[in-house]
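Report on one structure; see the data block that follows.
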Amino acid sequence: MNWFLKLNFSSILYTVLIFINIKLIFNIYLISRIIKIDVAVARKIGVVVMLILIIVFSFIYYLLNRQYLKDSKLNYFGTVLWIPYFVIMLILFNKLFPK
């Protein structure tokens with residue numbers, strides 16, 4: 001059971017990375033309108049934030065997998081397990097923040 005929780009947590013962490021990056025990409029006009037800056041500047045800031053997030057989350061993901069999940073062939077379930085979490089996050093985000 002403990003391994004299952006660790007695998008789900010690492011999948012959720014991976015999902016958060018993908019979700020934030022996709023929301024930054026597709027909502028750049030909304031972000032620029034809310035912050036009241038030019039779209040080009042918002043894109044540059046978005047790219048910098050995405051790169052920082054990719055580096056930080058990849059490092060955290062690597063450390064967690066190396067420490068907690070060890071070298072098990074069952075870790076490959078994590079490559080598929082993030083998809084349902086991603087769909088749940090999209091649905092929740094759209095329910096909480098309608099356009």
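The values are calculated or read from the model by the stated rules, or taken from the named source; none is laboratory data. From a predicted model like this one, the values you see are computed outputs, not experimental measurements. Here the Cβ is made from the backbone with ideal geometry for all residues, glycine too, and neighbour counts use every protein chain on show. Heads up: the accessible areas ignore ligands, DNA and RNA and are worked out on the full protein's heavy atoms, side chains in. Shrake-Rupley method; radii C 1.70, N 1.55, O 1.52, S 1.80 Å.
Where does each of 57-64, 84-91, 18-25 land if you order them by average Cβ count within 10 Å, highest first?
Numbers: 57-64: 12.6, 84-91: 14.2, 18-25: 16.0.
Result, highest mean first: 18-25, 84-91, 57-64.
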Legend entry - Label-to-label distance, nm, for residues given as Leu64 and Val47 (7 Å Cα→Cβ offset): 2.9 nm
Inset, instruction - List every DSSP H helix in the chain whose Cα atoms extend 24 Å or more along the helix's own long axis and whose mean Kyte-Doolittle hydropathy is at least 0.0. - result: 2-26, 39-64, 78-96
Legend entry - the chain - mean residue ellipticity at 222 nm from DSSP helices (-39,500 (n - 2.57) per run, n ≥ 4, rounded to 500): -27000 deg cm²/dmol
Inset, instruction - Could you tell me the accessible area of Tyr68 in Å² (1.4 Å probe, neighbours in place), rounded to the nearest ten? - result: 100 Å²
Legend entry - Contact order relative to length of the chain, as percent, for alpha carbon pairs under 8 angstrom and 6 or more apart: 49 percent
Legend entry - Rounded percent of accessible protein surface that carbon and sulfur make up, the chain, 1.4 Å probe: 75 percent
Inset, instruction - Treat each spin label as a single point 7 Å out from the Cα along the C-beta direction, and report the Val80 to Ile54 distance in nm. - result: 2.7 nm
Legend entry - Rg followed by Dmax, in Å, when region 16-81 is reduced to its Cα trace: 16.0, 48
Inset, instruction - Treat each spin label as a single point 7 Å out from the Cα along the C-beta direction, and report the Ile34 to Asn94 distance in nm. - result: 1.8 nm
